[in-house]
Amino acid sequence: MPTTPIYEVRLATLSDAQAVADIHASASQAAYQGLVPDEHLGSLPAIKRLSLWREAIEYGDPQVMVALEGDKVVGFAGFDRSRDKGTPATMGEIWAIYAAPKYWDRGVGLALWDGAREGLLEEGCINVTVWIALRNERALRFFELAGFTREMSTAKTVAMGSIKVEEIRLRRPLA
């Protein structure tokens, strides 16, 4: 019987920013292949992506955790309180969970979800949401297996560069 790898999950440091940016680029390109036109995949310049993640890690907005295999960053999660207007201070949000494509289906996402969940509980959150593109079946399946349910009344169209994408919010209690 194969063993499930155990990943160390910790808060990201500035020295992790390049790995986080690289994983964000490769994983989002792989995840959105066929869902958005090819010319929109990777449209965020690498220097801008690195700058965004450096700033998030430095200022904790969102909080960023990384999953490590040995000393190699293989995934990351961004989470904080909900950005949705009108939500209570006890509502958390998963802003992003990405694993390097080579590590998909190997437990990295689950390890990151567990870390983010603990971080949100420490922040006093009792519920958590995540916004997912309706056509991203892999992400929808992951979050539904983690106990999230779709809030059908939240479906909306958002701009992703110069294209529009349908998203839906999923929600679950943290406890």
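The values are calculated or read from the model by the stated rules, or taken from the named source; none is laboratory data. Predicted model only: the values in this text are computed from it and were never measured. Because the Cβ atoms are built from the backbone with ideal geometry, glycine has one as well, and the counts that use them run over all protein chains shown. For accessibility, only protein heavy atoms count, side chains too; no ligands or nucleic acids. Shrake-Rupley method; radii C 1.70, N 1.55, O 1.52, S 1.80 Å.
Suppose only helical runs count, i.e. DSSP H with n ≥ 4. What mean residue ellipticity at 222 nm does that imply for the chain under -39500 (n - 2.57) per run, divided by all residues and rounded to the nearest 500 deg cm²/dmol? Numbers along the way, then the final one.
On the way: 4 runs with 54 residues, N = 175.
That calculation yields -10000 deg cm²/dmol at 222 nm.
Want the number for Asp84 to Ala46: 0.36 nm per residue separation, take away the alpha-carbon distance, what's left? Could you put the intermediate results ahead of the total?
Details: separation 38, 0.36 × 38 = 13.68 nm, distance 2.76 nm.
My answer for the length gained is 10.9 nm.
Which of Val165, Val130, Val66 moves most in a GNM of the chain, Cα contacts under 10 Å?
Among Val165, Val130, Val66, the largest GNM mean-square fluctuation belongs to Val165.
Using the per-residue mean of other Cβ atoms lying within 10 Å as a proxy for protection, in what order, highest first, do the peptides 117-127, 67-77 fall?
On the way: 117-127: 16.2, 67-77: 19.4.
The packing order, highest mean first, is 67-77, 117-127.
Just the number, please: carbon plus sulfur as a percent of the accessible area of the chain, 1.4 Å probe, no ligands or DNA/RNA counted.
Numbers: 5120 of 9620 Å².
Answer for the chain: carbon and sulfur cover 53 percent of the accessible area.
On a full-extension model of 0.36 nm per residue, what is the gain between Met160 and Gln29, subtracting their alpha-carbon distance, rounded to one decimal in nm? Write down the numbers at each step before the final one.
On the way: separation 131, 0.36 × 131 = 47.16 nm, distance 1.31 nm.
Roughly 45.9 nm would be gained on extension.
Under 13 Å from a point 7 Å along the Cα-to-Cβ line of Asp105: which residues of region 123-153 have their amide N that close?
Once the point is set 7 Å along Cα→Cβ of Asp105, 138 turn out to lie under 13 Å by backbone N, inside region 123-153.
What fraction of the Cα pairs in the chain, stated in percent, has a spacing above 28 angstrom? Can you show the working numbers first?
Details: 2901 of 15225 pairs.
Everything past 28 Å amounts to 19 percent.
Using a Förster distance of 41 angstrom, determine the FRET efficiency expected from the C-beta separation of Glu69 and Glu151, and round it to 0.05. List each step's numbers first, then the result.
Working: r = 34 Å, r/R0 = 0.83.
The value I calculate is 0.75.
Between Glu118 and Leu14, what is the label-to-label distance in nm when each label sits 7 Å out along the Cα-to-Cβ direction?
2.6 nm
Hey, can you grab everything whose amide H is under 5 Å from the amide H of Gly107? Only 5+ residues off in sequence or another chain; H modelled, so Pro and N-termini drop out.
Residues meeting the criterion, in which the H sits 1.01 Å from N, do not exist here.
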